[in-house]
Every structure is written in C-alpha cells, then in structure tokens.
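Structure first, commentary second.
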Amino acid sequence: MRFALPARAAVLAVAALLTAAAAGPAGAATGFGPLPPHNPYAGPDGTATMHGDTGSSDATVLPGPRPGAALTSHRTALASACPTVLVGADGYPVALCTTIFGLTPTVHLLDPADGHSLAELPLTKGSLLGGVYAYLDQRDRLVAVDGARDLLRIGHRRTAAGGWELFVDGRLSLAGAVPDGDAVTGLSPDWQGRVWFATGKGVVGTADDRTGAVRTLVLPAGEQIANSISTAPGGTAVATTHATYLLTAGADGTPRVAWRQPYDRGPGRKPGQLSWGTGSTPTFFGPATGTDYLTVVDNAAPTVHLLVYRTGSGEQVCSVPVLKAGGSGSENSPIAAGNAVFVAGTYGYPYPKLPDGAGPSVPASGAFTGGFSRVDVRADGSGCDLVWDNRLRSAAVPRLSTADGLIRTVLRSPVIPGTDATSVLDPYSYAEIDPATGAVVRTRWLGSGFVFDTLQMAGTVAPGRVVLQGTTTGVLRIAEG
C-alpha cells in the first residue's frame, strides 16, 4: 500500500514457518505459508514493516481478537495522520505520523496497554515520503529518512525520571545520492545489513551506515516510484509507474537489474489511485520458500490484472483479471501467503487531496464501489485461478493472520444504505473476513466521520490479540474486553 504523505498529497488525511490456521470460522482457509523468511536486520515478523515483513506479505503469524470475544475500540487522538504503526520485540508500538497542523513528521511511542502516546519526536520537515515507509530494525529502532535526506535510526529508552524518550541513535546523509527536489519513497533492509532505498524520481540505492557507503542506480527516464519496496534473500523488488524490477547488488553495494517486466499502465491514473501506474508495493510469496513468486496489480483499463512472476527468472506465471465485481483499480499492496493472493480495490476512494503532479483521473470521477478478490497460483505453477470476487468496501490495507485464519480490515459504509455514495459522515467498522469465501464473519462499529477515516492505511495485528489501525487523526486500538 502507499499512503500519500503531506508533501506529496498535502496530507491526504489533512494531512519461522507459520502455523496452520486454527480456531477460525467454519470454512476458514488453513495452511497458509510459509511467509517470507525472517530478515535478520528487521524487527519481529508481522509487525516490523507497514506490510508486516520485508517481503511485504501483509500477513502475520500473530492472532487477532478471538471469535466470540467482546470487542472494545479506543482512538488515541494525535492530531496527525498515522499510516505507519509498528511493534518491536519489546512489545511497544511505534507510530510514524504527520501532524495535520504544520505537516510535521512525528514519531510516537505508544503504551501497549492502552495506546496513548508515551513520547514523541518531531523530525525534520521536507518532501518526506520516507515519513510513511519506515521499518523497525533488529534493535527495535525505527529506520526512516527525514526531510533533510538523512537516514535515521530512532530508538526509545527510559528516562532518569521514569518516563520515556525517543532519540536519534544513528544518522547517515543521503543528500549526495538523492537529488534536490527528490525524496525517498521506500526503504527496506537486505540480508547483508544494507538499507535499500528508492526515490520518487527513480533513483534506487543502498546505504550502509556501518561504513558510510552509499551506492545508486538511476532507472530509465520517466519511471517514477510511487510505492515502497520489498526485500528477500534473492533481491529487492521495485515497482515503478511503468514496470516491475528485481534488483541485486554488486560486491560494493551498487544496485543492478536482474530482470524487468513492463505492465499495462492504462490510459491514465484511475479514480481512487494516487499515480498513473500500479498502486502495489510488490509482494514476495510462495509455497516453498515464501519468496518463490513476486506479484503486483497493473493499471489496465477497464479491468486490472494480478500479475505473478517467478522471482528467480522474472518469467510471468499469470495475468488474471481481478476486482471485476466492483471498481477495478487498486492503490494497495496485495496480501500473499503460500499459493494465495488477495487484492483489495480502492477505485473511487475519496482522498481529500491528491499529490502534486498526479494529473486528472481517467475517467474524471468514479464511485467507491469497493472490491476484493482472491487468486490462487496452481500447485504445479502452470497458472492462476480467480477463487472469489466481491464488492467489499475495504477502507484500509487488509491483513491476514495465519494463526487464526482471518483477514482483518476496516469497512467504510454509505450513510444511505444500498448506495455507492461517500460523505464526511460515513460510518467505519472493524471487520473480519473468511479468506476461503470472502464473506464477512464479524464486524464492530468504530465511529463515523472524518476522524475515523482509515484512508487505505495498513492495520497491524499486535501481540495480545490487539489490532492497531492508523486514521487521519490518530490510532485506533481494537481489542478484547
């Protein structure tokens, strides 16, 4: 998923093998896995990145609230849009937010018991696309790029007075690699401990803050990078507005192209998308190693396709039309685990603002009809099949738990039932979905209006069967109680 950051969207918000599914609903899918292997330079699987892991599976081995348990929800109001909520090995959530007033990127350390902010640290303001995509390293430090184009490692610790503080524990300038007027859109560690980064204008690089070495590759002119990147033992995946890449690094860390696959980008940006091209952060998945395949969704018109490639060779396994029942367009990273891929539609989603240079949409407008699809890669790898397709109105990036066999998201409902209309009064509900059928098995009302808008941001299943979900104005905490 990509959440448009203030500098780009003037703050859209105003701003181990996994376990087989158990204790899920009747008919729940089982045996999802394996997920991508653990990256030794990232935090816990499922909570270290916006998309769960460095392979961007959007899946987790952690279970959510138990079926039948009473649910509570609480909103921590931070006067900020909070697209990134991560949880370290110590159990403390770290949120990277951008203030509504002042558009200042700010890190918050949250109390795991109730979600309130224990400490905050403002970062240098600028064209901060890195203020959305960040990750936790193996020492629970938040790794991000600030507006001064510095690669930061931000830790947290107790103070002498018994409170908490956030502090910069490492800094490496990327100013020599990221041109003026450009900004980092995504970053992820590789298996050698280097940090890969990508910029909006098509620079891909590696940074080693142990040695200070920074190496870059400029992708073809006109190819922009509007989503984050993903890393696996076999390489780094980058999706530009024209093509999907697998990159590797030379002995000195210089990026090089292993393969490139162009996709159908359609006649223009679709309503409910933020750029002219794929809305996907590329996702590694597969039944053998967890990274056998790589997938994105194209921007073909009128119907988008799920594209699956073999990671090693770049050979295309399939191109399957998805989101046929609802609006056919997606700004979100797919969920993928084992042989299964799930795609949520965002066509027509009413973002408050669009990024500079987004251009007109084609068509000029569209209703938020919703859409959710499941595609399975055949066991013999000979192709893929559409399993189900519906009109679920997901307002967040869904997350699959392989522990309990449920997909979790937030649904946006119309004020007038039975319509596709949207308004600032729309109600939002937490929802659990059976991945075998696409059916909603439980919901809980969260609230109505702008402050509860989850704006296609990713939710995180945290330890203790808790779900943390960013909104336009803070963080929701959904738990048993």
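Structure values in brief
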read-out	value
Virtual spin-label span in nm between ALA79 and ALA379, 7 Å along Cα→Cβ	5.8 nm
Charge dipole magnitude, Cβ of K and R +1, D and E -1 - the chain, Cα centre, debye nearest 20	420 debye
Signed unit charges on C-beta, dipole axis of the chain, positive-most listed residue VAL343, VAL238, SER413	SER413
Inter-centroid distance (Cα atoms) of region 409-436 relative to region 235-250, Å	35 Å
Trypsin sites (Lys or Arg not before Pro) lying in DSSP loop within region 149-252, provided at most 13 other Cβ fall within 10 Å	ARG210
Set of lysines with alpha-carbon distance to LYS125 below 26 Å, sequence-local pairs under 8 removed	LYS201, LYS353
Where Rh is the Kirkwood radius over Cα pairs, Rg/Rh for region 265-386	1.00
Given charges at Cβ of Lys, Arg, Asp, Glu: region 6-480 dipole, positive-most of VAL377, GLY176, THR254	GLY176
Gained length - ALA288 relative to ALA301, 0.36 nm times residue gap less alpha-carbon distance	1.4 nm
Dipole in debye (nearest 20) - region 365-418, about Cα centre, beta carbon charges: Lys, Arg +1; Asp, Glu -1	320 debye
Reciprocal mean inverse distance between Cα atoms of region 6-480 - Kirkwood radius, Å	21.6 Å
Unit charges on C-beta of K, R, D, E only; dipole of region 208-297, Debye	220 debye
In sequence order, calculated HN-Hα J values of region 56-67 (Karplus, 6.51, -1.76, 1.60; Hz; x Gly/Pro)	6, 6, 6, 10, 9, 8, 7, x, x, x, 6, x
Inter-part distance where region 170-209 and region 307-343 are each reduced to a Cα centre, Å	27 Å
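We did not get these values from a lab; they are worked out from the coordinates using the rules stated. This one's a predicted model, so the numbers in the text were calculated from it and none came from an experiment. Reconstructed Cβ throughout: ideal geometry from the backbone, glycine too, with neighbour counts over all protein chains shown.
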